[in-house]
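The values are calculated or read from the model by the stated rules, or taken from the named source; none is laboratory data. This structure is a prediction, so every number in the text was calculated from the model and none was measured. Ideal geometry is used to build each Cβ from the backbone, glycine not excepted, and the neighbour counts take in all protein chains shown. What goes into the accessible areas is simple: the full protein's heavy atoms, side chains included, and nothing from ligands, DNA or RNA. Shrake-Rupley method; radii C 1.70, N 1.55, O 1.52, S 1.80 Å.
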Amino acid sequence: NTISKIGLGTSVDRLLDGLNEGSFVKVYSGNKEVAKEALIGTGMEVRIMDGNTIKASYTAVVTGDTNGDGKISVTDMLAAKAHILKKSTLTGAVAQAADTSGDTAISITDFLQLKAHILGKSTVSARSAIPASARRQETPAPKAPERVEANETVAVVPTKIVLALPNKKMAVML
């Protein structure tokens, strides 16, 4: 279970103030309770307590924060890049955090959003994954024939990908 839609720079105190029963909630990093003025980071555990008994536990997901510090930095961007290039694999809450577009996949769009945020060109917004029923369906690109005879004519139709970033649109022909 996760708690998503946590904005960058959200303190434990601010998160608890936004909950109905905040006095029964504690935030942990590993086995150590996090100070109220500390930032919520991806991977921290939000526990609903009854005295010393844990009634429920949720993993925090801060959009864009893959290293758990509650901020977006070059480290977060490089983690997304390594995942995209298949040099490492992000899983669980960290993968959800790297998916800044909310489409349930870590892609070049997410990498570019992280980069733009770091460069101050845009801001990554807190979001949760888009349910499968609401996702745009991709149509597969036409495949080129594997073998072409000398007297055959082959037309390969290029595929157009549109990347939408806040206030910008970029088309890439493949």
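Quick one: ranking Ser23, Ser125, Ser4 by accessible area, 1.4 Å probe, largest first, what do you get?
On the way: Ser23 105, Ser125 60, Ser4 35 Å².
From most accessible down to least: Ser23, Ser125, Ser4.
Mind grabbing the accessible area of Met44 for me, 1.4 Å probe, Å², rounded to tens?
The value for Met44 is about 20 Å².
Using a Förster distance of 45 angstrom, determine the FRET efficiency expected from the C-beta separation of Lys86 and Ser125, and round it to 0.05. Don't skip to the end; give the middle numbers.
On the way: r = 27 Å, r/R0 = 0.60.
That pair, Lys86 with Ser125, gives E of 0.95.
What residues have an amide H closer than 5 Å to that of Thr2, excluding those fewer than 5 places away on the same chain, when H is modeled at 1.01 Å from N in the peptide plane?
Excluding prolines and chain starts, which carry no amide H, the hits are Thr59.
Sorted by accessible area with a 1.4 angstrom probe, largest first, how do Arg14, Arg127, Arg47 fall?
Working: Arg14 155, Arg127 85, Arg47 30 Å².
Of Arg14, Arg127, Arg47, the descending order of accessible area is Arg14, Arg127, Arg47.
Quote the charge dipole size of segment 25-96 about the Cα centre in Debye, to the nearest 20; the model charges only the Cβ of Lys and Arg (+1) and of Asp and Glu (-1).
On the way: 9 positive and 7 negative charges, 41 e Å.
Computed charge dipole of segment 25-96: roughly 200 debye.
Rounded to the nearest 0.05, what FRET efficiency do Ala35 and Lys71 have when you use their Cβ-Cβ distance and R0 = 25 Å? Don't jump to the answer; show the numbers that get you there.
Details: r = 16 Å, r/R0 = 0.65.
For R0 = 25 Å, the calculated efficiency reads 0.95.
Which of the pairs Lys26/Lys55; Lys81/Lys115; Lys5/Lys86; Lys5/Lys71; Lys36/Lys115 have their Cα atoms more than 19 Å apart in this structure?
The pairs that break the limit, which is 19 Å between Cα atoms, are Lys5/Lys86; Lys36/Lys115.
Contour minus end-to-end for Asn1 and Ile48, with contour as 0.36 nm per residue of separation and end-to-end as the Cα-Cα distance? Can you show the working numbers first?
Values: separation 47, 0.36 × 47 = 16.92 nm, distance 1.26 nm.
That works out to 15.7 nm of additional length.
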